[in-house]
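Student: My questions all concern the structure below.
Since every read-out is calculated from the coordinates, none of them should be taken as a lab result. Only a predicted model underlies this, so the values are computations on that prediction, with no experimental measurement involved. We place every Cβ from the backbone using ideal geometry, glycine too, and count neighbours over all the protein chains shown.
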Amino acid sequence: MSAKSSEQKAIEKQMKENQRMERDNARRERASGIVNAAKYIGDFRVMDPDAEKILEIALEQYNGNDSNFVTVSDDAVPKHLSNSLPLEAEKLLIYGMLSRYMIYAKSVMLTLSNLGKTYFKDKKKAIEGENIKMTENKMPMLLISHATTDKNYAEHLVTLFENIGLDQTQMICSSVPGYGIPLNKRVYEWLANKFTDWDLDLYVIFVLSDGYYSSPASLNEMGAAWVTKKEYTSILLPGFDFSQIRGAISADQIAIKLDSDEEELRQRLNELKDDLTEKFGLTKIVDVRWERFRSTFIDAVKEIQVEKENSRVRKNQPSFSVTIEGINKRLPGVSEILNSDFTGGTRYRNLQISIEIVNGKVARNLIVFDKLLTVIIKPGEKCRMAVAYEDSEDVIKWPSKVKKILHSEYEDTKGLPNWFNICYQDEEEHNMVQSLKLQSFDGEAYYDLDGHPWEA
C-alpha cells in the first residue's frame, strides 16, 4: 500500500476540521435553542435543570482557585448526562455561567464566571422577591371552615369580623346568608377554585369540634388548605381539647380555645384581631369599641354552650304522665262504718293521682309533694299517691294513706292544688325538677308539664 501524499493528508485534515466545525455549530445551535427558551423570574433567567445540575457539580468540585478552573468528568455526573457534557458546557457558556470551556477526552474543563459562582444564591433571592411581590398583589380572603352543626358559632365569628371591618367581599362562610356559595354554583368546585386562585391570598379559620371531624366537607377543606399551604388559625369549640386535633392541622400550633381561661381567651382574640387587621389592611379599631365587640362575642359563646347543655339535659329527661284517678272519693283499700249522722255534702276531700314515665327513660328518688314515692321508677310502672289539705277529714282518719298539704304552700281550685313539682334524679344523676300545672278541658281536670325541666 502506497503512502498518502501530502495533498491527500491535507484534504483529510480539512475534512475532519469541517466535521468538527459542523458538530460544534450543531451543538451551539441546539444549546442556543434551549437557552433562548429559558424562563425568567423578573429579570433573572432560570437555567434548565440539566444545566443547573452540571453547574451544581462544578461548584461542588471547585476548590476556590484564583483561576476559577474546575474539571468535570463524565463519571461525576448522572448517567443521562454523561454523553452530553459538551452540550451542557456550551449551554453554561451561553447562559454566562462560564468564561470558557474545553473538551478533553471524557471530561470538560470549565472556567467559572462570577455569575456562575453566585447563580444559586441569585436564584433564591429572585424567587423570594417574586413571592413577596405576588403576595402583595393578591387579594386577601378569609374562609371560616366549619361543620354545619356548628353554624351558630360561625355566625358569631362573622359578626365579630364584621365589627373589625371585614365585609362580604372578604369573607366566605357557607352558613351565613351573604357569605356563602353563590346561586347555581357547584359547592366543591367553587371552593376548590378559591384554594387554587392565584389572585387570592386565602386565610383559613378552622372551627374545630367533634362535628368538624365527622364532616367530609370540612375535612376536604382542611386537606385543600394543607395541600395549598394556606395560612390558618384554629379555633377550638367548648368541649373540644387540643389532644383531639388530628389530620392536616398541626397540633403544636398555638390555637384559640373558646372555653379556656377568659383572660387568655381575650388575649388570643386580641392577637387574631391584630393579625387580620394587618393582613387585610383594615383601619385599626378603637380599643373601647373592640372590647365591647369582644365581650359580646364571648358572652354569645357562653350562651350557646349553656343552651347546648340545657338541650342535652332536657333531651335525657323522662316524660311523666300524671293521671287523676279520683277526686273526693273514698281511698282505695280503706273501709268505714256508715255515719248515720251524715246529712249530705262531701264526705271525702282528697286528690288521688298516678305517675308514669312514657318515653323510655328511668328516674330515681321520685319525690312528689315532698314525699319520697319510690327509689326508682321505670317505663310502664305507675306510682300512686293521695293528697289532701290540712282541713280534710281524710288527713285525720287515714294519715298513713294520705299526704297532708297546706293551703299556704299549694294554692287550690275547688280543693285541687293548682300546681306541684316532681323531683327526681335523671339517668346522668342530675337532680331535676318538673313543674305540673292544673289544666281543664271540656270540664275535665288534668295536670300537664309547665315549661321545661330544670336542674335543682
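Student: Suppose every K and R has +1 on its Cβ and every D and E has -1 on its Cβ; what is the size of the dipole of the range 21-133 about the Cα centre, in Debye to the nearest 20?
Tutor: Working: 17 positive and 17 negative charges, 36 e Å.
The dipole of the range 21-133 has a size of about 180 debye.
Student: Another question, if that's okay. Rank these for me by crowding, TYR424, TYR389, TYR213, going from fewest to most other beta carbons within 10 Å. Let's see the in-between values first.
Tutor: Values: TYR424 28, TYR389 20, TYR213 16.
Sorted ascending by nearby Cβ count, the order is TYR213, TYR389, TYR424.
Student: Something else about it: Please report the relative contact order for the range 139-312, taking Cα pairs under 8 Å with a sequence separation of at least 6, and give it as a percent rounded to a whole number.
Tutor: On the way: 195 pairs, mean separation 43.2, N = 174.
It rounds to 25 percent for the range 139-312.
Student: Let me ask you something else. So, with +1 on the Cβ of K and R and -1 on the Cβ of D and E, and no other charges, what is the size of the charge dipole of the chain about its Cα centre, to the nearest 20 debye?
Tutor: On the way: 60 positive and 71 negative charges, 371 e Å.
Dipole about the Cα centre, nearest 20: 1780 debye.
Student: A follow-up question, please. Run through the DSSP bridge list for the chain and note the antiparallel percent, rounded to the nearest 5.
Tutor: Working: 52 of 72 bridges.
Here the share of antiparallel DSSP bridges comes out near 70 percent.
Student: Collect residues whose amide H, placed 1.01 Å from N in the peptide plane, falls under 5 Å from the amide H of ALA363; neighbours closer than 5 in sequence don't count.
Tutor: Sorted by chain and number, the residues that satisfy this are ILE377.
Student: Considering only LEU142, ALA58, PHE206, whose Cα is most displaced toward the positive end of the charge dipole of the chain, charges sitting on Cβ of Lys, Arg (+1) and Asp, Glu (-1)?
Tutor: Of the options given, the answer is ALA58.
Student: Identify all lysines with a Cα-Cα distance to LYS106 below 20 Å; exclude those on the same chain that are fewer than 8 residues away in sequence.
Tutor: Partners found: LYS16, LYS53, LYS79, LYS91.
Student: Averaging sequence separations of C-alpha pairs under 8 Å and six or more residues apart, then dividing by the length of the range 21-133, give the relative contact order as a whole percent.
Tutor: Values: 134 pairs, mean separation 30.5, N = 113.
Relative contact order comes out at 27 percent.
Student: A further question on this structure: Provide the per-residue ³J(HN,Hα) series for the range 399-414, in order, calculated from phi with Karplus coefficients 6.51, -1.76, 1.60 and θ = phi - 60°, each as a whole number of Hz, with x at glycine and proline positions.
Tutor: After applying 6.51 cos²θ - 1.76 cosθ + 1.60, I find x, 7, 9, 10, 8, 6, 10, 10, 4, 5, 9, 10, 4, 10, 10, 6 Hz.
Student: Treat every Asp and Glu Cβ in the range 139-312 as -1 and every Lys and Arg Cβ as +1, leave all other atoms uncharged, and give the resulting dipole magnitude about the Cα centre to the nearest 20 debye. Please list the in-between numbers first.
Tutor: Values: 19 positive and 28 negative charges, 90 e Å.
Magnitude of the dipole: close to 440 debye.
Student: OK, next. In sequence order, what are the phi-derived ³J(HN,Hα) couplings for the range 293-305 according to the Karplus relation 6.51 cos²θ - 1.76 cosθ + 1.60 with θ = phi - 60°, rounded to whole Hz, with x for glycine and proline?
Tutor: Each residue of the range 293-305 in turn: 5, 5, 5, 4, 5, 4, 5, 5, 4, 4, 5, 4, 5 Hz.
Student: I've got another one for you. To make sure I understand, if each residue's beta carbon is the centre and we count other beta carbons within 10 Å, what order do HIS146, HIS407, HIS80 fall in, fewest to most? Working shown, then result.
Tutor: Values: HIS146 29, HIS407 12, HIS80 9.
By the 10 Å Cβ count, ascending: HIS80, HIS407, HIS146.
Student: Considering amide H positions built from the backbone, and no H for Pro or chain starts, which residues 5 or more places from LYS403, or on another chain, come under 5 Å of its amide H?
Tutor: ALA386, VAL387, ALA388
Student: Still on this structure, please answer the following. Per-residue HN-Hα couplings for the range 163-178, Karplus 6.51 cos²θ - 1.76 cosθ + 1.60 at θ = phi - 60°, whole Hz, x for Gly and Pro?
Tutor: 5, 8, x, 7, 10, 5, 7, 10, 10, 10, 8, 4, 8, 10, x, x
Student: Then there is this: Before anything else, pin down the relative contact order of the chain: Cα pairs under 8 Å, at least 6 apart, normalised by residue count, whole percent. Let's see the in-between values first.
Tutor: Values: 625 pairs, mean separation 35.3, N = 456.
RCO, the chain: 8 percent.
Student: Sequence-distant or interchain residues sharing an amide H contact under 5 Å with LEU208, placed H: which?
Tutor: Here ILE235, LEU236, LEU237 satisfy the definition.
Student: For each of PHE293, PHE441, PHE206, PHE44, count neighbouring Cβ atoms within 10 Å of the residue's Cβ, then give the residues from fewest to most.
Tutor: Values: PHE293 18, PHE441 8, PHE206 24, PHE44 15.
Taking fewest neighbouring Cβ atoms as first place, the list is PHE441, PHE44, PHE293, PHE206.
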